[in-house]
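Novice: Sending over a structure as structure tokens; questions will come in a sec.
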Amino acid sequence: MRLQVSIEQNALAGFAVAEEKSLASVSSKTIRSSGTKLRARLQLDAQSSLGPKIANAWRMKQYPEGQESAKAAALIYTKAPNIIDAFDKGSLIRPTRGGRYLAIPTPNARRVRGEKVNPRSFEAAGIKLQFIPARRGKPALLVNRDDFASRRGGGVSFRNTTKTGKRRGRSQFTVFFILIPQVKLQKLFDLDQRAQEAQADVAASFARFSQQEDANRPS
């Protein structure tokens with residue numbers, strides 16, 4: 001997701017800036033100020049909902065780099081576009097490749113041999129997972145029974161955590177994945193609103209910096 005902030009030509013119509021150098025200075029200051037504010041707002045949105053790693057993924061570049069220009073522009077973008085886009089839209093996530101469930105790993109599902117944490121990587125490592133269907137309002141599960149929980153897969157040992165089965169005379173098992181048919185992400189951001197706020201800030205900041213520039217001119 002990329003948001004671009006710039007000064008449109010019609011935004012300059014109401015301002016009388018005589019010198020090209022002065023216009024370049026005002027335009028560059030405006031874009032720098034408005035772009036910095038926009039990035040800070042987006043970082044705060046992400047920090048409060050998804051944490052510092054996603055917040056710090058927001059970046060800003062100003063053009064032209066290293067010099068002032070009457071056509072200054074700022075590009076505010078994120079290095080986590082898929083995550084930001086999903087929570088901006090409130091996306092509905094469904095299984096891919098014809099699957100029936102999304103596999104949500106539990107803390108017991110540790111990384112095996114550096115592979116991604118998913119059912120396929122566990123099966124490939126020789127760790128057998130058993131499917132337990134959903135019932136009585138509880139989700140479906142992928143579990144590992146006693147005889148497999150004690151094995152070592154890729155140098156990683158696994159713990160038993162469920163005692164209910166043993167009390168009822170059944171073998172104990174460890175829950176590795178919770179299976180759900182789909183998940184609706186909460187809409188956490190409103191990028192369109194932030195972009196509109198930034199554009200309004202550009203107009204206000206341009207007026208303010210223009211007044212400062214006029215006040216600093218020699219009589």
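Novice: Would you confirm whether or not the range 127-139 contains a residue that is of a type outside the set (Lys, Arg) and within 29 Å of residue 188 (Cα to Cα)?
Specialist: Quick first cut of the range 127-139, residues of a type outside the set (Lys, Arg) only: 127, 129-134, 137, 139.
Going one step further and asking which of them are within 29 Å of residue 188 (Cα to Cα), we end up with 137, 139.
Checked the range 127-139: at least one residue is of a type outside the set (Lys, Arg) and within 29 Å of residue 188 (Cα to Cα).
Novice: For residue 121, all conditions in the list (1) over 18 Å from residue 193 (Cβ atoms); (2) buried (at least 17 other Cβ atoms within 10 Å of the Cβ); (3) touching a Lys or Arg at 6+ places or on another chain (Cβ under 9 Å); (4) in contact (Cβ under 8 Å) with a residue 60 or more places away in the chain hold save one; what is the number of the exception?
Specialist: Result: residue 121 passes all but (4).
Novice: Check residue 82 against each of (1) in contact with a helix residue (DSSP H, G or I) (Cβ under 8 Å, 6 or more places away or on another chain); (2) at pLDDT 80 or above; (3) not aromatic (Phe, Trp, Tyr) and name the one condition it does not meet.
Specialist: Status for residue 82: all satisfied but (1).
Novice: Turning to a different aspect of this structure: Of these, 199, 212, which one is free of Cβ contacts under 8 Å to residues at least 60 places away in the same chain and either outside any loop (DSSP other than H, G, I, E, B) or assigned by TED's automatic domain parsing to the domain that holds residue 23 (or both)?
Specialist: Numbers: 199 fails: free of Cβ contacts under 8 Å to residues at least 60 places away in the same chain.
Checking each option against the conditions leaves just 212.
Novice: Condition (residue is assigned to a helix (DSSP H, G or I), touching a residue at least 12 places away in the same chain (Cβ under 8 Å) and hydrophobic (A, V, I, L, M, F, W, C)) applied to the range 55-75: is it met by at least one residue? Lay out the reasoning, then the answer.
Specialist: Residues of the range 55-75 that are assigned to a helix (DSSP H, G or I), as a first pass: 55.
If we keep only those that are touching a residue at least 12 places away in the same chain (Cβ under 8 Å) as well, we get 55.
Then drop every residue that is not hydrophobic (A, V, I, L, M, F, W, C), which leaves 55.
The answer is yes; a qualifying residue exists.
Novice: Something else about it: The conditions are (1) loosely packed, with under 13 Cβ neighbours inside 10 Å; (2) closer than 30 Å to residue 96 by Cα; (3) modelled with pLDDT of 85 or more, and residue 183 fails exactly one of them. Which is it?
Specialist: Status for residue 183: all satisfied but (3).
The values are calculated or read from the model by the stated rules, or taken from the named source; none is laboratory data. Keep in mind the model is a prediction, meaning the values are calculated, not measured. All Cβ positions, glycine included, derive from the backbone under ideal geometry; neighbour counts span all protein chains shown.
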